[in-house]
Amino acid sequence: MKNWRCFAVAVGAACFLGACGNSEPASPEQDKELADLGQITVVTRESGSGTRSSFAQALGLDEEGVDDKDHITETAQTVTSGEEVIQAVGEDKSSVGYVSWGTDISESDSVKELAVDGVPAEETTIESSQYPLSRTLYLAAAKDGNELKEDFLTYVTGKGQEIVGDFFVPAEETKDVFLSAQPSGTLRIHGSTSLAPAIEALAEAYQEANPNAVIEVEASDSSQGITDVLTGVCDMAMVSRDLYQYEQDVLQAVPVAKDGIRVIVQADNPLEDLTADMLADIYSGDTANWADTKEE
């Protein structure tokens with residue numbers, strides 16, 4: 001293991017329910033299936049993606065002190081959305097990728113999800129952070145006294161958590177009632193493709209409660225959303241990673257949802273689980289063949 005990679009997953013999560021990595025050594029049949037898969041095709045998100053940043057950080061592949069830089073192999077196939085990850089993995093039997101828990105993979109018969117360190121990505125394991133690739137999703141903005149912004153955030157972190165629960169694990173306790181102050185104006189929200197569908201649904205519901213407001217949601221990526229806020233292009237950023245220090249100095253990040261990053265492979269892949277260490281080796285390029293992922 002290279003000296004820039006540290007162990008990034010707590011032991012308690014790694015041994016959830018007594019399972020660490022693959023529960024049993026590979027059988028001869030599985031050995032052959034893995035060997036037949038050959039070289040691993042690594043699929044990753046683009047630089048600037050909050051999902052990529054969170055994934056790299058969880059695996060110890062981020063480059064400390066350098067924003068949006070990591071040690072994911074340069075030979076990886078890069079795509080720009082969770083849907084494109086699903087498509088790329090579904091078309092290549094030797095591929096592995098990752099998507100937000102909020103990205104629906106149920107409609108694709110060609111991919112399946114792997115547990116990580118024996119822990120499946122489920123509501124309970126994400127809420128408790130037992131799933132090793134858990135993260136928090138945010139809306140980030142400057143504190144500037146914008147009444148529409150504050151009213152929308154009050155809705156999102158209260159009554160709107162019911163809608164958040166349709167996409168992710170809610171970050172806050174749902175409130176039964178929301179009484180809008182009815183501020184008027186337009187609120188522009190840019191950023192994370194992972195968070196955008198939930199924010200679009202929240203915006204639609206909020207506008208029903210406050211017909212004086214117009215909420216415009218535009219998906220790009222987390223870093224672009226923050227850049228747009230800092231340069232005045234938009235009012236709020238959808239962010240699917242923790243803010244960097246300089247961003248924290250000027251922006252307030254409000255937790256909207258809890259999420260887990262799913263690891264997916266083609267449905268015929270014989271594995272059901274990978275360790276976080278093995279994922280780090282795969283995504284750094286240290287492990288290049290499926291035959292080398294089996295447990296001895």
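Structural remarks
- Within the range 135-175, trypsin sites (Lys or Arg not before Pro) in DSSP loop having at most 13 other beta-carbon neighbours inside 10 Å: 143
- Net charge in the neighbourhood of residue 171 (other residues with Cβ under 12 Å of its Cβ; Lys, Arg +1, Asp, Glu -1) is -2.
- Set 258/294; 112/159; 159/258; 143/175 screened for pairs whose C-alpha atoms are more than 22 Å apart: 258/294; 112/159; 143/175
- Each part gets one Cα centre, and for the range 236-277 versus the range 190-204 those centres are 15 Å apart.
- Lys/Arg +1, Asp/Glu -1 at C-beta; the chain dipole; positive extreme among 40, 279, 190: 190
- Evaluated with a Cβ-only charge set (Lys, Arg +1; Asp, Glu -1), the chain carries a dipole of roughly 520 debye about its Cα centre, given to the nearest 20.
- The calculated 222 nm mean residue ellipticity attributable to helices in the chain amounts to -8000 deg cm²/dmol, summing -39500 (n - 2.57) over DSSP H runs of n ≥ 4 and dividing by all residues.
- Calculated from the structure at hand, log10 I(q)/I(0) by the Debye sum over Cα atoms at q = 0.09, 0.11, 0.17 Å⁻¹ is found among [x] -0.51, -0.75, -1.44; [y] -0.45, -0.65, -1.36; [z] -0.41, -0.62, -1.60 as [y].
- Options 266, 215, 141, ranked by Cα towards positive dipole end of the chain, top entry (Cβ charges): 141
- The range 105-232 - charge dipole about Cα centre, Lys and Arg +1 at Cβ, Asp and Glu -1, debye rounded to 20: 360 debye
- Counting protein heavy atoms only, the range 169-267 has 46 percent of its accessible area on carbon and sulfur, 1.4 angstrom probe.
- Bridges between two residues of the chain, per DSSP, are antiparallel at a rate of about 60%.
The values are calculated or read from the model by the stated rules, or taken from the named source; none is laboratory data. None of these values were measured; they are calculated from a predicted model. Note that we place each Cβ from the backbone using ideal geometry, even for glycine, and neighbour counts take in every protein chain shown. Side chains are part of the model used for accessible areas, which takes the heavy atoms of the whole protein and leaves out ligands, DNA and RNA. Shrake-Rupley method; radii C 1.70, N 1.55, O 1.52, S 1.80 Å.
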